[in-house]
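Notes to accompany the following structure.
The values are calculated or read from the model by the stated rules, or taken from the named source; none is laboratory data. Because the structure is a prediction, the values reported are computed rather than measured. Here Cβ is always computed from backbone atoms with ideal geometry, including for glycine, and neighbour counts include all displayed protein chains. Accessible surface areas use protein heavy atoms only, side chains included; no ligands, DNA or RNA. Shrake-Rupley method; radii C 1.70, N 1.55, O 1.52, S 1.80 Å.
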Amino acid sequence: REELKRHLGYEVLRSVARHPWKVSLIDCTATRKEVRAGTLLAAAATYAKLLRREVPERRVGIVLPPSAGGFIANLAVLLAGKVPVNLNFTAGASAIEASLRMGEIRTIITAEAMRSKIPQFPWPEKTRDMAADLSGCGKPAILARLVQVWLLPSRLLALLWGVPRVGDNAEAALLFTSGSSGEPKGVPLTHRNILGNCGQISATGILSKKETPLVCLPIFHSFGFTVMWYVLMRGVRAATLPSPLDAKRIVEVVEKEQATVFISTPTFLRPIMKRAEPEQLRSLRFIVTGAEKLPVDLFEQFLQKFGVRILQGYGLTETTPVVAVNLPEPRDLPKGVKLQEGHRLGSVGRLFAGMSARIVHPETGEVLPPDKTGILWLRGANVFGGYLKDPVRTAESLHDGWFVTGDLARFDDDGFL
């Protein structure tokens, strides 16, 4: 696909500039704030100009929650021709210091509220307050770019702002995943990887423009990170909350914003199960979970109490991250069309489009039939190209373009993983 060769920033710019008056985000961080697509893009482009001028390094650290600020900072870094690195601020100081060293990160973008919340974070000397930076740019500068967004076609905007059209296999982002030895592993993701996974999610139809997802997974986590780019690129109106732990606020926001999709993990769902009343979650069509196994009792309790189905998916940071997901019932089924089963309890759904899989014997390395249990190997546009500065781990994980997940898996007769 030709679009996989494009630059992620260019693709987001094209999408966001198409409907500048549309509400893109509902930021529920402190007070409710509607952010229109044009304003988000104008703020990101203004900040990108400042970053291009004042930050010489290729990679820029970001310590922000999923919010308008987090989205704008990531887009600004990309539009500036740099690589955003969302850092796990819940990790220990030594792991964060190792990430900064490995990624050669000297500049971090954050907010004053974040700095006061995590004083133990090893803040480098070049730590920037995004709100102060944008305030320093001045409202006229943002307004001037907003007028450009309103009046000019996206191709001309990209040319004017110096956003490249081609990204392909160049590094678009760097994520860190906790290593078994304690030292984090750097996972560089290319423009092709992220565009590929967003295209794969889109092909399932699971997150159409008719949905209103509630986004609260951290953007230093690959799942939250890719969902951020997906909602921007596909023009999906999303509500954001800074923490997946705040069950009370999550229930309030689902009810108030009439969210139809909630993306979470089983661990974060249990407190919601206890706190919410059925009418408060009435707008939810389904919940998507990943990162850990979905307990059957949690699935049954949610279905019984709220009438909401939890759909389990599977992915890894190295696959940008989503590999497979169970699908909800379609909203509108044309007459005479027979519905194919899209979900199966106990499975993680069917493999995404454009991916290949192998089941390999853990000891002999023999390729097994798909219905036998063995180690899952994967190949596709969303599979990364190797760990940062770690040829040993890369050689262990990648064989002739196949990524060795290390997970035991099998396929049933209908293709569910």
Practice prompt. Out of 64, 40, 25, report the one residue that is crowded, with 17+ Cβ neighbours inside 10 Å and either within 21 Å of residue 174 (Cα to Cα) or among the small types (Gly, Ala, Ser) (or both).
Written response: 64
Worksheet entry | Matching entry among 98, 132, 141 (being in contact (Cβ under 8 Å) with a residue 40 or more places away in the chain and more than 25 Å from the chain's Cα centre (by Cα)) | 141
Item to complete: Residue by residue through the range 159-180, note down the ones that are part of a strand (DSSP E or B) and modelled with pLDDT of 95 or more.
Response: 166, 171, 172, 173, 174, 175, 176
Worksheet item: So which of 358, 331, 344 ends up being among the charged types (D, E, K, R) and assigned to a strand (DSSP E or B)?
Response: 358
Item to complete: Could you identify the single residue in 304, 312 that is touching a residue at least 24 places away in the same chain (Cβ under 8 Å), of a type in the set (S, T, N, Q) and within 30 Å of residue 276 (Cβ to Cβ)?
Response: 312
Worksheet item: Of (1) open to solvent by 70 Å² or more (accessible area, probe 1.4 Å); (2) closer than 17 Å to residue 216 by Cα; (3) among the acidic types (Asp, Glu), residue 257 satisfies all except one. Which?
Response: (1)
Item to complete: With respect to residue 264, determine if the residue is touching a residue at least 60 places away in the same chain (Cβ under 8 Å), of a type in the set (S, T, N, Q) and either open to solvent by 20 Å² or more (accessible area, probe 1.4 Å) or under 18 Å from residue 313 (Cβ atoms) (or both).
Response: no
Discussion item. Out of everything in the range 273-318 that is among the charged types (D, E, K, R) and farther than 23 Å from residue 416 by Cβ, what residue ends up being most open to solvent (accessible area, probe 1.4 Å)?
Written reply: 282
Practice prompt. Could you check, for the range 78-96, whether at least one of its residues is surrounded by fewer than 17 Cβ atoms within 10 Å (Cβ to Cβ) and among the basic types (Lys, Arg)?
Written response: no
Practice prompt. Check whether at least one residue in the range 188-206 is touching a Cys at 6+ places or on another chain (Cβ under 8 Å), surrounded by fewer than 20 Cβ atoms within 10 Å (Cβ to Cβ) and closer than 28 Å to residue 349 by Cα, and report yes or no.
Written response: no
Worksheet item: Do you know which residues across the range 277-292 are in a loop (DSSP other than H, G, I, E, B) and at pLDDT 95 or above?
Response: 277, 282, 283, 284, 285
Worksheet, complete the sentence: Scanning the range 106-151 residue by residue, those assigned to a loop (DSSP other than H, G, I, E, B), open to solvent by 50 Å² or more (accessible area, probe 1.4 Å) and in contact with an Asp or Glu (Cβ under 7 Å, 6 or more places away or on another chain) turn out to be 106
Worksheet entry | Test: residue in the range 208-215 that is within 16 Å of the chain's Cα centre (by Cα), modelled with pLDDT of 95 or more and part of a loop (DSSP other than H, G, I, E, B) | yes
